[in-house]
Each structure stands twice: as structure tokens, then as C-alpha cells.
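Report on the following structure.
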Amino acid sequence: MKFWIGGAAQSANMCIVAANMTVKGKDYGLHLFVVEIRDNTNHDLIPGVIIGDCGLKQGINGVDNGFIYFRAVRVPLDSLLDKVTQVSASGEVHSIIENKNKRFALQLSALSEGRVKIAFTTLTAGLKGAAIVLRYAAVRRQFGKEKYVESSVIDYPGYQQRIFPYIIMTIVSCFAGMESNRLWQDNYHQILDQKNRTIEEMHAIISCLKPILTWNLLNGLNEFRTAMGGLGYSKHAVIPQMIDDYHVMVTWEGENHVLIQQTGKFLLKQYFKKLSGETTNGFASTDYVTAEPLKWNHKLTNMAVLSSEDVLHSLLTFRAAKALQVAFNHIQSRVGEVGDFDAFNESTVFGLTEASIYYGELYIFRCSIAELSKRPNDENKKFMMQLLQLFVIERVLTSGTILMGYISEEEVNFLRKARIELNNAIRFNLLKSLDYLFLEEHVVVSPFGNKDGDMYGRFISKLLGEQGNFGKPAFWREIWELKNSN
Ligand SMILES: Cc1cc2nc3c(=O)[nH]c(=O)nc-3n(C[C@H](O)[C@H](O)[C@H](O)COP(=O)(O)OP(=O)(O)OC[C@H]3O[C@@H](n4cnc5c(N)ncnc54)[C@H](O)[C@@H]3O)c2cc1C
């Protein structure tokens, strides 16, 4: 039985079932089968197939999600999708991939396409959310230094720090989103080619980008909702609807916590290779992985240091390498006692999840820098570099124990100060940048997210347009009688 299958409850006639294949008593592991679930002529269920709707959901209720239960359903041999494994009528099995686990992994790697698309959807949703909250924040005024002159909430450092990190992550990640899509487009047709080593690296990249970006969207939308005060709670603000609709992004197409373990396993493998003395692993994205003791040489005490692309880059490589060492050392210290399975699972809360996220964030940074290096040194590039500075500061200040002992209190305080200055310096350009991203009225939909800033006028006209918002209620007499009864 399987829940949540898109299109199952009402629409689909066929589905693809991932199931273990046993031939003559031997288990060949997971394979894919095309299975008819409804008759093509009358839409009746095929005998043995039970289907129901998954019922009301938190969001995307327009999507038809159903559960399917198979009871002794038989399919012809021909329904096996046999690019990987072929089975003859007499039961001879031939597979192009000998190793069962590898076969499992490669067959599921086709799911990467959905993850790349989710990264894109997430980025566009993040930009829409950013337009709504930033345009609100520019118009909404509260308090101020001078009498009768109130400041826009976007001017407050505390406010900026609540929403800017999510918006910055969204903007700088657009390059990584495009690059990972290019990787997928260039390589998906060779996904079963075991000699193509890019597939392994691509899988690790996609397996952490999807969690990083969907978590950023979810946490960001939550903060945007409260950053718009009471108006953020209005259905018309659109943010509440977005929270409901996009919440599932962290769950489907690879549940984030489970998916990111794929990146962790890839990184551990690269670390083990280094430890075993292999000098080159051939993966550009893991060139920082080292089993040698790590040294940190920079002193983060002035803006000149923070303006250096190399320093920003080495901060991210250092913490990614450090987290991986912490995770690996933990596994090594525990494996003898608790075995592989438990040692690995413990490592997910002992540096490995961080190592995987830091790997993805380094990838995001590198993709942005690679793109910016092709651009002229103009105001746009300066703005993007400021965003990247803030991106790195945020990553360092939220790295918790991984950087403990390497970054002093003085440096932390400098980074906090730099963050205040940079947030303040970018606020208008951040707002302006959205005007060039096609975030027009019909895209944003929310009355608070329009370029013209007439958010109160637009909100009022929404309310005016709704029957029932004005006039006395139908039950007014009951209230009156209740009040006047003895
Ligand atoms: C709206 C919607 C649409 C969907 N559409 C489809 C679809 O079209 N086709 C389809 O096939 N599927 C679809 N899904 C299913 C979706 O992919 C799964 O819900 C998702 O993969 C999570 O699996 P699960 O629900 O069994 O969660 P569970 O496996 O029960 O996970 C529960 C929790 O346990 C945690 N967990 C599980 N294993 C581990 C571990 N090893 N270590 C640490 N934590 C762990 C997870 O992180 C998770 O938070 C859809 C789901 C939803 C909600």
C-alpha cells in the first residue's frame, strides 16, 4: 500500500510501481514496473487494485493525491522497465549492473529531476515571498527618532536581520539552481553509465540543494508572515497560503533529512579516500576535503578582509572540511562499539548533517562567484558581492560549535557589526532588485507586494470587493434578543 501518489485518486490509468523483483526464488532488489490501475475505456479499477483519496491536506488541495493498495495483482513480464535488467520468458535474468545496492541507487536516481525542479520552484516562490515582505516593509512605518517622522520597518536592524538572510539565500542560490539544472540536463541520459563519475557528484549536489533551499523557503515564509504583523495573517497577504502550499516541499521527492544523508555518505567516501592516501578524487566540489589537521590563518577584524573573495571562500571551505572531520572522527570512535549502522546514524547529529549543508552552501557560493566573474565591475556586481559577504557572515555566525576555538569573540563581534552595516547598505537595492525579476502584480497577487506601494489602498479594495464584509449580520436579531432578555 502506498499513500500520496499524485494523480492516483481520480485521474491516472497507469502507474509505475517500484517493487522488489524475485525470480526463481532469488531477490534481485528494487525494479520498476508499469502497472495498469484503471481500465482505459471505462475508468473502472482493475481487479485487485484498491484506490482512495488521501483526503483534505494542509495545502495544494487542487492536487489529486490518492493511496493505492494492490491485492494479488498480476502483470505481464513486459511491464518490467528493462533498461537495467532484462528477464527472459524462461526466467533468465541479465542486468547491466551487477551490484544490487548500486542497482537500487541508480534506478532511483531518476528522481533527481524532480528535485532539481523543486529547487527552481522553491527559488521562484522565495522571490515572490521576498517581494511581498520587502515591499510591505518599505511602506509600513513604525516609531522613529524624530517626532512625527516614523521610520519604515525595513530600516530597523532587528527587522532586517529577521528577513534578509532568507532573501539573500534565495537570490544567491539562483546561480546554483541553474548550474545544477545544467548538470542534470547534460548528464541525465547517461545516468546508468557507471563510468560517468559526474553522476555521483551530481547526485550529492542535488541531494543537499533540495533540502537547503526548501528549508530556507519554509523558515523564510514563516518569518515573513510574522514580519508583516497582523496583515501577514490575512489570507489576502498570500504568505499563509504559500506556507500551506509549499510546506510539502521538505517532505516529497525525498524527505529532506533522509535525502541529505545521501550527500553525507558521498562526503564520507571522499574523506575515506583522502585518509587512505588517494591524492585526487576527481571531484571539483570536494577539493577542500582533507584528512590533515586544519589551520585557520585569517583574522576577521576589518572590512578589507571581508571584502576578499578568497577569505570568504576559505571560510566556507574551512567549516565544510572541519564538520566532515568531526563526523568522520565520531564514526571512527564509535564503529567498533556500536557497528556501522548506529555509528553512521549518530554521525548525522555529530557533524555530518552540517558537513552536508556546508558542502551545499559552498557550492552555492562557488556558483555565484563563477557567474559574477563573467560580469563587468559595475554597481550590480558590487551589490551581489555585498549579498555574498552577508551570505558568508550568516553562515559563519550560525556555525555553532564547528568553528569554536577558531573564531574569537572579537571576530564574532566584528562580524555582527559588519552585518548591521551591510544590511543597512543593501536594503534599497534589495528592494529595487525585485523590480527587475518579473515580480509583477499578476505574479505576486498579494496587495502588499506591488511595486507602486499602494498596499493599503489595494487591501481595502480587496475587502470592499467581498460581499459579507459590510452590513449587519443575519443573526443580529438573536444577539439583540439575547441582550434584551431578562
Ligand atoms: C502532498 C504529497 C504528495 C506526494 N506525492 C507523491 C507522489 O506523487 N508519488 C510518490 O511516490 N510519493 C508521493 N508523496 C510521498 C512522499 O514522497 C513521502 O511522504 C516522503 O518521501 C516521506 O515518506 P513518508 O511519508 O513515508 O515518511 P516517513 O518515512 O514515515 O518519515 C517520517 C519522518 O521520519 C524521518 N526518518 C525516516 N527515516 C529516517 C532515517 N533513516 N533517519 C532519520 N530520520 C528518518 C523522516 O525525516 C520524517 O521526518 C507525496 C507526499 C505528499 C505529502
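Read the figures in this text as sums done on the coordinates, not as results from a lab. Since the structure is predicted, the reported quantities are computational estimates derived from the model, not experimental observations. Backbone-built Cβ (ideal geometry, glycine too); neighbour counts: all protein chains shown.
Some notes on this structure:
- Reachable lysines from Lys483, criterion Cα separation under 20 angstrom, eight or more residues apart if same chain: Lys472
- Distance histogram for segment 387-440 (every C-alpha pair counted, 10 angstrom bins, percent rounded to whole numbers): 21, 42, 23, 12, 2
- The distance between label points at Lys83 and Asn302 comes to 5.7 nm (points 7 Å beyond Cα on the Cα→Cβ vector).
- For segment 1-158, the relative contact order works out to 19 percent when only alpha carbon pairs closer than 8 Å and six or more residues apart are counted.
- Note on segment 286-342: semi-axes of the ellipsoid equivalent to its C-alpha gyration tensor, largest first and rounded to whole Å, are 32, 10, 9.
- The gain in end-to-end length when the Val258 to Met404 segment is fully stretched comes to 49.8 nm, 0.36 nm per residue minus the alpha carbon separation.
- Relative packing of 47-54, 176-183, 476-483, 131-138, which averages over residues the other C-beta atoms within 10 Å, highest first: 131-138, 176-183, 47-54, 476-483
- Diffusion coefficient of segment 58-130 by Stokes-Einstein, Kirkwood radius over Cα pairs, 20 °C, 1.002 mPa s: 129 µm²/s.
- Sorting Met242, Met21 from the fewest to the most surrounding beta carbons within 10 angstrom yields Met21, Met242.
- Anisotropy class of the chain from Cα gyration tensor, a/c 1.5 cut: oblate
- Relative contact order (%) - the chain, alpha-carbon pairs under 8 angstrom, separation at least six: 15 percent
- Here Phe318, Phe470 are placed in order of increasing Cβ neighbour count within 10 Å, fewest first, which gives Phe470, Phe318.
- Helix-only mean residue ellipticity at 222 nm for the chain, each DSSP H run of n ≥ 4 adding -39500 (n - 2.57), per residue, nearest 500: -18000 deg cm²/dmol
- Using the Cβ-Cβ distance between Val34 and Glu146 with R0 set to 51 Å, the FRET efficiency works out to roughly 0.10.
- Ranked packing of 191-203, 250-262, 71-83, most packed first, by mean Cβ within 10 Å: 250-262, 191-203, 71-83
- Each Lys and Arg Cβ is given +1 and each Asp and Glu Cβ -1; about its Cα centre, the chain then shows a dipole of about 620 debye.
- For the residue pairs Lys128/Lys382; Lys83/Lys117; Lys381/Lys462; Lys295/Lys417; Lys26/Lys265, the C-alpha atoms sit more than 32 angstrom apart in Lys381/Lys462.
- With N counted as the residues of segment 172-211, its alpha-carbon radius of gyration over 2.2 N^0.38 Å works out to 1.16.
- The value for segment 335-486 of Rg(Cα) / (2.2 N^0.38 Å) is 1.80.
- Cross-link reach list, aspartates and glutamates versus Lys210, counting only Cα pairs under 14 Å and skipping chain neighbours closer than eight places: Glu113, Glu179, Glu253, Glu255, Glu361
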